[in-house]
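Heads up: the structure comes next, in C-alpha coordinates.
The values are calculated or read from the model by the stated rules, or taken from the named source; none is laboratory data. These figures come from a predicted structure and were not determined experimentally. In this analysis, Cβ positions are derived from the backbone assuming ideal geometry, glycine residues included, and neighbour counts consider all displayed protein chains. For the accessible areas, the whole protein counts, side chains as well, though only heavy atoms, and no ligand, DNA or RNA atoms are used. Shrake-Rupley method; radii C 1.70, N 1.55, O 1.52, S 1.80 Å.
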Amino acid sequence: MGAITTDIPTLLLDCARTLPFEEAVVIADSALYAQKISLAELYILLRSFQGRGAAKAYKVAENLSYLSESPGETLTRMRLSELGIRFRQQEPVVLGSKTYRGDFYLIDFDCFVEFDGNMKYSDFGSPEVAIASERARERQFLNSGARIFRTDWSEVFSHPERFENRLKVFLRKISEPNVHKKR
(Lines give C-alpha, C1' and ligand atoms only; values in the text may rest on other atoms or scores of the structure.)
Protein backbone atom coordinates (compact mmCIF):
# COMPACT_ATOMS: atom_id res chain seq x y z
CA MET A 1 0.00 0.00 0.00
CA GLY A 2 1.41 3.42 -1.02
CA ALA A 3 1.53 6.65 0.88
CA ILE A 4 -1.56 8.83 1.01
CA THR A 5 -0.97 12.12 -0.77
CA THR A 6 -2.92 15.25 -1.53
CA ASP A 7 -2.99 17.48 -4.57
CA ILE A 8 -1.25 20.88 -4.70
CA PRO A 9 -4.39 23.05 -4.46
CA THR A 10 -5.65 21.17 -1.39
CA LEU A 11 -2.22 21.34 0.23
CA LEU A 12 -1.98 25.10 -0.35
CA LEU A 13 -5.49 25.68 0.97
CA ASP A 14 -4.72 23.64 4.09
CA CYS A 15 -1.50 25.59 4.64
CA ALA A 16 -3.25 28.94 4.13
CA ARG A 17 -5.96 28.19 6.65
CA THR A 18 -3.84 26.49 9.34
CA LEU A 19 -0.26 27.77 9.27
CA PRO A 20 1.02 31.10 10.59
CA PHE A 21 0.45 33.82 7.97
CA GLU A 22 4.06 34.33 6.85
CA GLU A 23 4.73 30.61 6.49
CA ALA A 24 1.55 30.16 4.44
CA VAL A 25 2.48 33.03 2.09
CA VAL A 26 6.03 31.67 1.64
CA ILE A 27 4.66 28.24 0.70
CA ALA A 28 2.05 29.70 -1.65
CA ASP A 29 4.60 31.99 -3.36
CA SER A 30 6.94 29.05 -3.80
CA ALA A 31 4.23 27.02 -5.53
CA LEU A 32 3.39 29.99 -7.76
CA TYR A 33 7.02 30.60 -8.72
CA ALA A 34 7.48 26.91 -9.50
CA GLN A 35 4.33 27.08 -11.64
CA LYS A 36 2.61 24.31 -9.69
CA ILE A 37 -0.58 26.39 -9.78
CA SER A 38 -1.63 29.63 -11.46
CA LEU A 39 -2.08 32.87 -9.54
CA ALA A 40 -5.71 33.08 -10.67
CA GLU A 41 -6.48 29.51 -9.65
CA LEU A 42 -4.90 29.88 -6.21
CA TYR A 43 -6.49 33.27 -5.60
CA ILE A 44 -9.97 31.96 -6.47
CA LEU A 45 -9.43 28.82 -4.37
CA LEU A 46 -8.41 30.80 -1.28
CA ARG A 47 -11.02 33.55 -1.69
CA SER A 48 -13.90 31.15 -2.29
CA PHE A 49 -13.16 28.87 0.65
CA GLN A 50 -15.79 28.88 3.39
CA GLY A 51 -15.19 27.12 6.64
CA ARG A 52 -12.68 26.97 9.45
CA GLY A 53 -9.67 29.16 8.63
CA ALA A 54 -11.41 31.09 5.84
CA ALA A 55 -10.25 34.49 7.14
CA LYS A 56 -6.64 33.29 7.17
CA ALA A 57 -7.01 31.90 3.64
CA TYR A 58 -8.44 35.24 2.43
CA LYS A 59 -5.50 37.13 3.95
CA VAL A 60 -3.01 34.83 2.23
CA ALA A 61 -4.88 35.30 -1.07
CA GLU A 62 -4.41 39.07 -0.80
CA ASN A 63 -0.64 38.71 -0.36
CA LEU A 64 0.35 36.35 -3.18
CA SER A 65 3.13 36.94 -5.72
CA TYR A 66 4.42 34.65 -8.44
CA LEU A 67 7.52 36.89 -8.72
CA SER A 68 9.20 35.91 -5.43
CA GLU A 69 12.16 33.73 -6.31
CA SER A 70 12.86 32.63 -2.73
CA PRO A 71 11.37 32.62 0.77
CA GLY A 72 13.63 35.58 1.57
CA GLU A 73 12.16 37.62 -1.27
CA THR A 74 8.65 36.80 -0.05
CA LEU A 75 9.53 37.98 3.46
CA THR A 76 11.25 41.10 2.11
CA ARG A 77 8.13 41.90 0.08
CA MET A 78 5.99 41.41 3.17
CA ARG A 79 8.23 43.69 5.26
CA LEU A 80 8.07 46.44 2.61
CA SER A 81 4.27 46.10 2.47
CA GLU A 82 4.04 46.29 6.27
CA LEU A 83 5.95 49.57 6.13
CA GLY A 84 3.56 50.95 3.51
CA ILE A 85 6.34 51.36 0.94
CA ARG A 86 5.24 51.30 -2.70
CA PHE A 87 7.40 49.03 -4.85
CA ARG A 88 7.59 47.01 -8.02
CA GLN A 89 9.01 43.52 -7.78
CA GLN A 90 11.58 42.12 -10.24
CA GLU A 91 11.98 45.51 -11.93
CA PRO A 92 13.89 45.32 -15.24
CA VAL A 93 16.97 47.55 -15.45
CA VAL A 94 18.90 47.99 -18.70
CA LEU A 95 22.60 48.54 -18.07
CA GLY A 96 24.68 48.72 -21.19
CA SER A 97 23.76 45.80 -23.40
CA LYS A 98 22.30 43.70 -20.58
CA THR A 99 18.94 43.69 -18.85
CA TYR A 100 18.94 42.82 -15.16
CA ARG A 101 16.17 42.62 -12.59
CA GLY A 102 16.24 44.43 -9.29
CA ASP A 103 14.40 42.51 -6.57
CA PHE A 104 12.36 45.53 -5.44
CA TYR A 105 12.26 49.02 -6.94
CA LEU A 106 11.01 51.54 -4.37
CA ILE A 107 8.88 53.88 -6.45
CA ASP A 108 8.90 56.90 -4.14
CA PHE A 109 12.63 56.72 -3.43
CA ASP A 110 14.10 55.75 -6.82
CA CYS A 111 16.20 52.97 -5.31
CA PHE A 112 16.36 49.21 -5.10
CA VAL A 113 16.13 46.72 -2.26
CA GLU A 114 18.03 43.51 -2.94
CA PHE A 115 17.60 40.35 -0.92
CA ASP A 116 20.89 38.46 -0.65
CA GLY A 117 20.20 34.78 -0.31
CA ASN A 118 22.42 31.77 -0.77
CA MET A 119 19.93 29.96 -3.02
CA LYS A 120 20.90 31.84 -6.18
CA TYR A 121 24.56 31.09 -5.55
CA SER A 122 23.96 27.36 -5.59
CA ASP A 123 21.20 27.29 -8.21
CA PHE A 124 23.21 28.79 -11.08
CA GLY A 125 26.48 26.88 -11.43
CA SER A 126 29.46 27.04 -9.13
CA PRO A 127 29.25 29.47 -6.20
CA GLU A 128 32.41 31.23 -7.37
CA VAL A 129 30.95 31.98 -10.81
CA ALA A 130 27.62 33.05 -9.34
CA ILE A 131 29.28 35.39 -6.82
CA ALA A 132 31.53 36.92 -9.49
CA SER A 133 28.49 37.45 -11.72
CA GLU A 134 26.55 39.05 -8.86
CA ARG A 135 29.45 41.41 -8.07
CA ALA A 136 29.73 42.45 -11.73
CA ARG A 137 25.98 43.08 -11.80
CA GLU A 138 26.15 45.17 -8.65
CA ARG A 139 29.07 47.23 -10.03
CA GLN A 140 27.02 47.97 -13.14
CA PHE A 141 24.06 48.98 -10.99
CA LEU A 142 26.17 51.29 -8.84
CA ASN A 143 28.08 52.75 -11.79
CA SER A 144 24.75 53.67 -13.37
CA GLY A 145 23.91 55.77 -10.30
CA ALA A 146 21.39 53.29 -8.90
CA ARG A 147 21.07 53.20 -5.14
CA ILE A 148 20.84 49.77 -3.54
CA PHE A 149 19.85 48.67 -0.05
CA ARG A 150 20.90 45.08 0.66
CA THR A 151 19.29 42.79 3.19
CA ASP A 152 19.48 39.12 4.07
CA TRP A 153 17.71 36.25 5.77
CA SER A 154 18.89 37.23 9.24
CA GLU A 155 17.12 40.57 8.95
CA VAL A 156 13.89 39.73 7.17
CA PHE A 157 13.27 36.52 9.12
CA SER A 158 15.02 36.72 12.49
CA HIS A 159 15.33 40.47 13.09
CA PRO A 160 12.68 42.35 11.08
CA GLU A 161 13.05 45.36 13.39
CA ARG A 162 16.70 45.64 12.30
CA PHE A 163 15.59 45.55 8.65
CA GLU A 164 13.02 48.29 9.31
CA ASN A 165 15.47 50.52 11.21
CA ARG A 166 18.30 50.16 8.67
CA LEU A 167 15.93 50.75 5.74
CA LYS A 168 14.47 53.87 7.36
CA VAL A 169 17.97 55.28 7.92
CA PHE A 170 18.94 54.47 4.32
CA LEU A 171 15.79 56.08 2.89
CA ARG A 172 16.20 59.16 5.06
CA LYS A 173 19.83 59.47 3.98
CA ILE A 174 19.11 59.21 0.25
CA SER A 175 16.20 61.64 0.58
CA GLU A 176 18.30 64.40 2.16
CA PRO A 177 19.77 67.07 -0.10
CA ASN A 178 23.45 66.53 -0.76
CA VAL A 179 25.25 69.48 0.87
CA HIS A 180 28.49 68.50 -0.85
CA LYS A 181 27.14 68.83 -4.38
CA LYS A 182 29.13 71.02 -6.72
CA ARG A 183 27.31 74.17 -7.77
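Positive end of the dipole of the chain (Cβ unit charges, origin at the Cα centre): among Cys111, Leu64, Gln50, the Cα lying farthest that way belongs to Cys111. Computed from the C-beta positions of Asn143 and Ala34 and an R0 of 35 Å, the FRET efficiency is 0.55 to the nearest 0.05. Size estimate for the chain follows the Kirkwood approach: the inverse of mean 1/r over distinct Cα pairs works out to 18.3 Å. A 1.4 Å probe run over the protein chains yields, for the chain, 62 Å² of accessible area per residue, whole-number rounding.
Out of the total accessible area of the chain (probe 1.4 Å, heavy atoms of protein only), what percent is carbon and sulfur?
Answer for the chain: carbon and sulfur cover 54 percent of the accessible area.
Based on Cα contacts under 8 Å between residues 6+ apart, the chain shows a relative contact order of 15 percent. Under a 5 Å amide H cut-off, with hydrogens placed 1.01 Å from N, Gly102 pairs with Glu91, Val93 among residues at least 5 apart or on other chains. Pairs exceeding 30 Å between alpha-carbon atoms, taken from Lys36/Lys56; Lys56/Lys173; Lys59/Lys173: Lys56/Lys173; Lys59/Lys173. Normalised by 2.2 N^0.38 Å, where N is the number of residues, the alpha-carbon radius of gyration of region 1-107 equals 1.21.
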